[in-house]
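This report refers to the structure that appears directly beneath it.
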Amino acid sequence: MSDCIFCKIIKGEIPARKIYEDEEMFAFHDITPMAPVHFLVIPKKHISNLMELEAEDIALVGRLLNKAQQIAKEPKPTGLGCGENGARFVINAKRDGGQTVDHLHIHVLGGRALSWPPG
Ligand code: AMP
Ligand code: ZN
């Protein structure tokens, strides 16, 4: 999608601190980290949000989640070193979910204890 900032990051039109990339996904550090570890994993395919998920993309979301946990738990410098203490995996969807970028993304937050429930 031409006016989507995450599609622009994938295409290299907007800079990002890349962690991982393959033919179907891209992972990068969040520009406004809410924890010492805060990165995003996104599909290269523009999917607006989790609630627009089509049947053909269900397995893709599984692979995104799997890559998210792999990156989170791998020791530094290849991963983010959250294997021992854990992390939070979040997908915000649409207005009430707090989604601000309309391109499906998994947040991974770690490096400190996070409170629950969210505000
Ligand atoms: P959400 O509110 O769930 O839609 O999350 C969108 C996230 O994208 C926020 O945490 C933003 O800080 C992050 N973000 C927005 N623009 C960029 C960017 N150019 N590079 C990295 N992260 C970004
Ligand atoms: Zn997009």
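The values are calculated or read from the model by the stated rules, or taken from the named source; none is laboratory data. Just so it is clear, the structure is predicted and the values come from calculations on it, not from any experiment. Quick reminder, even Gly has a Cβ in these numbers, built from the backbone with ideal geometry, and neighbours come from all protein chains shown. Keep in mind that these areas ignore ligands, DNA and RNA; they rest on the heavy atoms of the full protein, side chains included. Shrake-Rupley method; radii C 1.70, N 1.55, O 1.52, S 1.80 Å.
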message: Quick check: the distance between the Cα centres of the stretch 1-41 and the stretch 66-107, to the nearest angstrom?
response: 12
field: K73 - accessible surface, heavy atoms, 1.4 Å probe, Å² rounded to 10
entry: 110
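What accessible area per residue, rounded to a whole number of Å², is obtained for the chain using a probe radius of 1.4 Å?
Values: 7280 Å² over 119 residues.
Each residue of the chain exposes 61 Å² on average to a 1.4 Å probe.
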- request: Leaving ligands, DNA and RNA out of it, rank V90, V37 by accessible area with a 1.4 Å probe, largest first.
  value: V90, V37
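Under a 1.4 angstrom probe, counting protein chains only, how are F28, F89 ranked by accessible area, largest first?
On the way: F28 5, F89 85 Å².
So, going from the largest accessible area down, we get F89, F28.
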- request: Hey, could you get me the Stokes-Einstein D for the stretch 5-110, Kirkwood radius over alpha-carbon pairs, 37 °C and 0.692 mPa s, rounded to whole µm² s⁻¹?
  value: 236
query: Where Lys and Arg each count +1 and Asp and Glu each count -1, what net charge lies around F26 among other residues with Cβ under 12 Å from its Cβ?
result: +3
- prompt: Using a 1.4 Å probe on the protein chains only, how many percent of the accessible area of the stretch 5-110 belongs to carbon and sulfur?
  reply: 53
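Dipole magnitude of the stretch 16-67 about its Cα centre, charges +1 at Lys/Arg Cβ and -1 at Asp/Glu Cβ only, in debye to the nearest 20?
Working: 6 positive and 9 negative charges, 59 e Å.
The calculation lands at about 280 debye.
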task: Would you mind telling me which residue in M51, M34, M25 has the biggest mean-square fluctuation in a Gaussian network model of the chain, where springs connect alpha carbons within a distance under 10 angstrom?
output: M51
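With charges only on Cβ, +1 for K and R and -1 for D and E, what is the dipole size of the chain about its Cα centre, in debye, rounded to 20?
Numbers: 14 positive and 15 negative charges, 92 e Å.
Rounded to the nearest 20 debye, it is 440 debye.
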- prompt: For the chain, which cysteines have no disulfide-compatible partner, meaning no other cysteine Cβ under 4.7 Å?
  reply: C82
- prompt: Each label point is 7 Å from the Cα along the Cα-to-Cβ direction; what then is the distance between the points at I31 and T78, in nm?
  reply: 3.0
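Which of K11/K94; K11/K45; K11/K76; K18/K67 have a Cα-Cα distance over 22 Å?
Working: K11/K94 24 Å; K11/K45 12 Å; K11/K76 26 Å; K18/K67 14 Å.
Pairs exceeding the cut-off: K11/K94; K11/K76.
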- prompt: Taking Cα atoms, how many degrees apart are the long axis of helix 58-73 and the longest axis of the chain, rounded to 10 and kept between 0 and 90?
  reply: 30
task: Enter the accessible area of I19 (Å², nearest 10), with the probe set to 1.4 Å and all protein chains included.
output: 50
